[in-house]
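Data first, discussion second: the structure below is written as structure tokens.
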């Protein structure tokens with residue numbers, strides 16, 4: 001049996017469309033890179049370099065650069081970690097990595113915008129949107145060579161996170177005029193919103209405080225769209241998917257996950273952002289959980305609250321800050337004899353050593369560091385177990401923001 005001339009046409013069309021999209025994305029990135037490289041010849045002046053490293057263009061860049069070397073307020077932050085990771089990967093100095101990262105990373109905003117435009121209006125629209133976003137004057141001015149700061153992530157991360165939500169939700173919304181887009185036959189599943197939630201968790205408040213607010217706003221807007229415009233019969237599954245996204249993105253993990261795994265535990269979930277607090281309270285109610293209290297406030301405030309101070313057998317923190325910072329936030333809440341358990345990546349030994357003074361001052365002592373292999377290809381993690389061996393002095397925790405700005 002021989003295939004007819006049109007049998008392979010759909011497959012060829014898919015390949016052609018994907019190649020066209022790839023070309024658009026590359027063009028958007030190159031369009032953003034080119035104007036940022038125009039200033040490169042100016043940096044050849046000898047007065048614009050110290051010990052072979054270009055000068056940074058902002059004072060914040062030096063905070064992140066110092067943090068990449070384990071010094072100052074930037075130590076342990078993801079902005080500093082990005083410098084250290086790029087320097088190690090490329091085999092260059094941290095200063096040179098910080099100099100180049102804005103020019104190379106900022107054009108990814110054009111790539112994310114092109115993906116948005118394709119989702120809404122097809123590949124032809126993606127080209128113009130990507131080119132315009134890559135070269136937007138205000139953003140371009142703040143992300144040139146040497147301008148290493150949070151500008152490179154505060155636009156990119158929300159674009160990616162919201163695009164993942166939009167790509168999941170769009171096929172399941174009613175269209176004006178009765179037109180319906182093609183939707184998968186097996187219905188809306190949990191994987192896509194889980195990925196969006198993980199993107200929100202990885203690109204959240206640890207990079208910039210406002211990123212968590214943007215993510216919370218995106219979730220509320222998505223909920224409104226589901227309630228107002230979801231196709232008949234899909235609303236329950238879409239709302240369940242959105243709950244999965246929120247649990248992955250915000251403070252419900254590991255708190256709510258622990259509660260679901262160990263229903264007998266009594267938990268207090270600590271969160272300072274009002275939108276997250278409201279989400280957690282609704283999640284607790286929707287899941288029918290008892291013995292869970294959602295406390296709105298900063299950890300520095302909770303640690304001085306007589307009702308909470310040294311009142312817990314176990315305190316946990318995940319992706320909050322460097323260990324010597326999170327120790328000051330959590331140990332004041334743990335009773336003598338209790339445990340502070342920090343969730344960390346595999347390369348934790350240097351962080352434990354850097355936090356030795358903080359543990360001593362706050363009444364803690366490292367009991368163990370346990371390495372864990374996560375299921376599948378999820379990699380390895382470490383749990384740092386710190387035993388509370390003495391009361392925390394009344395001077396700690398310090399005022400809000402001080403532990404991060406001046407770590408012990």
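We did not get these values from a lab; they are worked out from the coordinates using the rules stated. As the structure is a computational prediction, the values presented were derived from the model and not from experiment. Note: ideal-geometry Cβ built from the backbone for every residue, glycine included; neighbour counts use all protein chains shown.
Arranged from highest to lowest average of other beta-carbon atoms within 10 Å per residue, in what order do the peptides 35-43, 238-246 appear? Display every interim value, and only then the final one.
Working: 35-43: 12.6, 238-246: 22.3.
My ranking of the peptides, most packed first, is 238-246, 35-43.
Label positions at residue 304 and residue 136, each projected 7 Å from the Cα along the C-beta direction, are separated by 3.9 nm.
Across the chain, C-alpha contacts under 8 Å between residues 6 or more apart give a mean separation that, scaled by the residue count, equals a relative contact order of 11 percent. Rounded to the nearest 0.05, the FRET efficiency derived from the C-beta distance between residue 89 and residue 19 at R0 = 35 Å is 0.80.
The largest-to-smallest principal axis extents of the Cα set in region 258-299 are 26, 21, 12 Å.
Percent of C-alpha pairs per 10 Å bin in region 58-152, short distances first: 18, 38, 26, 15, 3.
Distance from the Cα centre of region 336-408 to that of region 115-130, in angstrom? Each part's Cα centre sits 45 Å from the other's. Full extension of the chain between residue 406 and residue 198 gives 71.9 nm of extra length, using 0.36 nm per residue less the Cα-Cα distance. Extent along the principal axes, Cα only, for region 200-295: 39, 33, 20 Å, with the longest axis given first.
Whole angstrom only: what separates the Cα centroid of region 201-229 from the Cα centroid of region 29-56? Answer, in whole Å: 35.
Tally the DSSP beta bridges in the chain and give the antiparallel ones as a percent, rounded to 5. Could the numbers behind the result be given before it?
Details: 18 of 29 bridges.
Roughly 60 percent of the beta bridges in the chain run antiparallel, per DSSP.
Taking a label point 7 Å from the Cα of residue 174 along the Cα→Cβ vector, which residues of region 216-238 have an amide N closer than 20 Å to it? Under 20 Å, as judged by backbone N against the label point of residue 174, lie 221-238 of region 216-238. Quarter the surface of the alpha carbon convex hull of the chain and you get the mean projected area, 25.8 square nanometres. Neighbour counts of C-beta atoms inside 10 Å place 273, 284 in the sequence 273, 284, starting with the fewest.
What's the extension gain from residue 235 to residue 119 if we count 0.36 nm per residue and subtract their Cα-Cα distance? Display every interim value, and only then the final one.
Working: separation 116, 0.36 × 116 = 41.76 nm, distance 2.10 nm.
Answer, rounded to one decimal: 39.7 nm.
On the basis of the beta-carbon distance and an R0 of 56 Å, residue 191 and residue 45 show a calculated FRET efficiency of 0.60. Placing a pseudo-label 7 Å from each Cα along the Cα-to-Cβ vector at residue 390 and residue 266 gives an inter-label distance of 3.0 nm. With a Förster radius of 51 Å applied to the beta-carbon distance between residue 287 and residue 356, the computed FRET efficiency rounds to 0.80. In this rough spin-label picture, where each label sits 7 Å from Cα along the Cβ direction, the residue 34-residue 55 distance is 3.0 nm.
Computed log10 I(q)/I(0) for region 291-408 at 0.13, 0.14, 0.16, 0.20 Å⁻¹: -0.47, -0.55, -0.71, -1.06, from the Debye equation with unit scatterers placed on every C-alpha and solvent omitted.
Averaged over residues, the count of other Cβ atoms within 10 Å places the peptides 346-352, 91-97, 259-265 in the sequence 91-97, 346-352, 259-265, highest first.
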